[in-house]
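Reviewing the structure listed below.
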Amino acid sequence: MTAKSHSNHKIASGRGRKRTSVLVELGDRSYSIDIGVDWLETIGRRITDRLQAERIALITVPSVARRYAPSLTRGLKSSGTRVSRIVVPDGDATKNLRQLGKLYDRFLDQGLDRHCAVVTLGGGVVGDLGGFAAATYLRGIPFAQVPTTVLAMVDASIGGKTGVNLKQGKNLVGAFHQPAGVYIDTATLRTLPRRQRAAGAAELIKAAAIWDADFFDWLEPRIEAFLDLDPKVVLPALERACAIKAEVVERDEREGGLRRFLNFGLTLAHTIETHAGYRGILHGEAVSIGMVFAAERSEALGFSPAGTRERLESLLDRAGLPTRIPNRPRRAYLSAMAVDKKRQGETIHFVVLKGIGAAGTTSLRPSEILPPGWKA
Ligand SMILES: NC(=O)c1ccc[n+]([C@@H]2O[C@H](COP(=O)([O-])OP(=O)(O)OC[C@H]3O[C@@H](n4cnc5c(N)ncnc54)[C@H](O)[C@@H]3O)[C@@H](O)[C@H]2O)c1
């Protein structure tokens with residue numbers, strides 16, 4: 001399966017624009033991703049209008065709750081909706097069945113019924129956990145996402161994948177449950193540590209690399225400005241990356257084909273995260289290394305022209321992301337690949353680049369992905 005670059009989309013300048021929105025068209029489950037700046041209270045009002053819930057459980061994490069929950073809550077309450085705040089501990093280790101159980105307990109204690117809804121405020125962890133609680137409580141209640149990390153804005157909050165980790169691996173239990181809306185306030189990124197911003201920027205670069213050569217060209221001279229949160233760059237960059245994710249999800253909601261392109265770089269990234277025990281390396285950093293590896297293999301296997309890997313690596317490097325594979329023996333990587341969730345029988349759907357802006361998948365055995373003699 002292959003795709004040509006979808007570069008016919010013009011990237012509008014962010015100069016003078018304060019708001020925009022991107023539609024995710026999924027029939028009666030369609031929703032919009034509203035992007036703006038310094039507008040959390042308005043977001044709250046919009047969410048109440050959209051959800052029409054009697055009561056809202058606002059699920060968030062401590063660092064974000066302190067800073068952003070008060071304005072959002074003022075908006076959510078503005079037309080009389082009751083709001084209860086549930087603060088879960090920070091970190092991916094929180095995205096588990098124990099926390100999920102605690103959320104159900106809190107929902108029941110607060111008497112949440114089918115006329116209630118969930119709003120998640122935070123990064124991908126709280127979005128996945130809160131989204132999964134909403135997907136399963138009373139067989140599903142509506143929810144809205146207010147993502148506050150770059151990664152959650154352009155990736156995790158869009159597309160309806162929700163879930164939790166098991167001790168055996170990440171995201172092994174989950175459900176597809178589309179949000180009623182995604183609401184982004186770019187001002188929240190000001191408090192996001194630069195390393196987290198860069199890790200999220202890996203997802204922007206991934207979207208451009210697999211889908212849109214013009215967006216890649218546009219990002220190349222602007223990546224530093226994005227990380228510095230220049231409003232002329234942040235709004236259009238998020239807008240385009242969200243539109244790419246929306247387009248991929250619209251065409252393939254349940255990951256039968258095209259949506260697999262989003263796994264570009266993930267085969268190796270997952271093995272790196274497994275070895276690191278999910279500590280010390282951020283997901284976006286592992287994805288950065290995995291993308292460079294996949295681009296190198298794409299060239300070696302004859303899928304992409306020479307120079308593709310170099311261009312990708314140089315952009316990731318300028319974003320301050322790691323690109324070198326941790327030095328471990330080949331067999332360590334092979335055994336971690338043996339438990340790849342994307343595996344089908346003996347082979348893995350390996351995402352290759354056809355060049356900058358176009359991806360494809362090919363079925364390879366782990367020993368073809370990492371041929372004999374391969375060294376990190
Ligand atoms: N559902 C999907 O389609 C999908 C896609 C990609 C990733 N994910 C999941 O997303 C998770 C990673 O998400 P993430 O990178 O957002 O991590 P995260 O949710 O852990 O957030 C990163 C850190 O930033 C802090 N934070 C968040 N917003 C902040 C802000 N505005 N200011 C200051 N600090 C802030 C958080 O408290 C946390 O410490 C993983 O669990 C991954 O599996 C899901």
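Points worth noting:
- Test for residue 204: is it assigned to a helix (DSSP H, G or I) and within 15 Å of the ligand (Cβ to nearest atom): yes
- Filter pass, residue 154 being in a helix (DSSP H, G or I), farther than 23 Å from residue 52 by Cα, more than 8 Å from the ligand (Cβ to nearest atom) and open to solvent by less than 50 Å² (accessible area, probe 1.4 Å): yes
- Taken over segment 76-127, the criterion of being surrounded by fewer than 14 Cβ atoms within 10 Å (Cβ to Cβ), within 15 Å of the ligand (Cβ to nearest atom) and assigned to a helix (DSSP H, G or I) is satisfied by 93, 97.
- Qualifying residue in segment 208-221 (condition: at pLDDT below 95 and either buried (at least 21 other Cβ atoms within 10 Å of the Cβ) or β-branched (Val, Ile, Thr) (or both)): no
- Pairs with Cβ under 6 Å, 6+ apart, first in segment 246-257 and of a type in the set (Asp, Glu), second not in a helix (DSSP H, G or I): 250/25
- Residue match in segment 130-144 (condition: surrounded by 24 or more Cβ atoms within 10 Å (Cβ to Cβ) and charged (D, E, K, R)): no
- In segment 148-177, of all residues being more than 18 Å from residue 121 (Cβ to Cβ) and polar (S, T, N, Q), the one that is nearest to the chain's Cα centre (by Cα) corresponds to 171.
Yes or no, residue by residue, for (1) out of contact with any Leu (no Cβ under 6 Å at 6 or more places or on another chain); (2) among the small types (Gly, Ala, Ser):
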{"position": "204", "(1), (2)": "yes, no"}
{"position": "225", "(1), (2)": "yes, yes"}
{"position": "235", "(1), (2)": "yes, no"}
{"position": "241", "(1), (2)": "no, yes"}
{"position": "251", "(1), (2)": "no, no"}
{"position": "261", "(1), (2)": "yes, no"}
{"position": "265", "(1), (2)": "yes, yes"}
{"position": "276", "(1), (2)": "yes, yes"}
{"position": "283", "(1), (2)": "yes, no"}
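- From the options 307, 355, 360, residue that is in contact (Cβ under 8 Å) with a residue 60 or more places away in the chain, open to solvent by less than 40 Å² (accessible area, probe 1.4 Å) and over 17 Å from residue 263 (Cβ atoms): 355
- Evaluation of residue 229 against (1) in a helix (DSSP H, G or I); (2) open to solvent by 10 Å² or more (accessible area, probe 1.4 Å) (one fails), failing number: (1)
- Residue in segment 316-330 that is among the polar types (S, T, N, Q) and part of a helix (DSSP H, G or I) present: no
- Test set (1) over 16 Å from residue 47 (Cβ atoms); (2) among the hydrophobic types (A, V, I, L, M, F, W, C); (3) touching a Pro at 6+ places or on another chain (Cβ under 8 Å) - residue 144 fails condition number: (1)
- The residue of segment 191-201 that is surrounded by the most Cβ atoms within 10 Å (Cβ to Cβ), among those that are part of a helix (DSSP H, G or I) and near the ligand (Cβ under 7 Å from one of its atoms), is 200.
- Flag: residue 182 does not match the condition of being more than 14 Å from the chain's Cα centre (by Cα), assigned to a strand (DSSP E or B) and either at negative phi or more than 10 Å from the ligand (Cβ to nearest atom) (or both).
The values are calculated or read from the model by the stated rules, or taken from the named source; none is laboratory data. All figures in this text were calculated on a predicted structure; none of them were measured in a lab. So basically every Cβ, Gly included, is an ideal-geometry build from the backbone, and we count neighbours across all protein chains shown. Areas reflect the complete protein model, heavy atoms only, side chains present, ligands, DNA and RNA absent. Shrake-Rupley method; radii C 1.70, N 1.55, O 1.52, S 1.80 Å.
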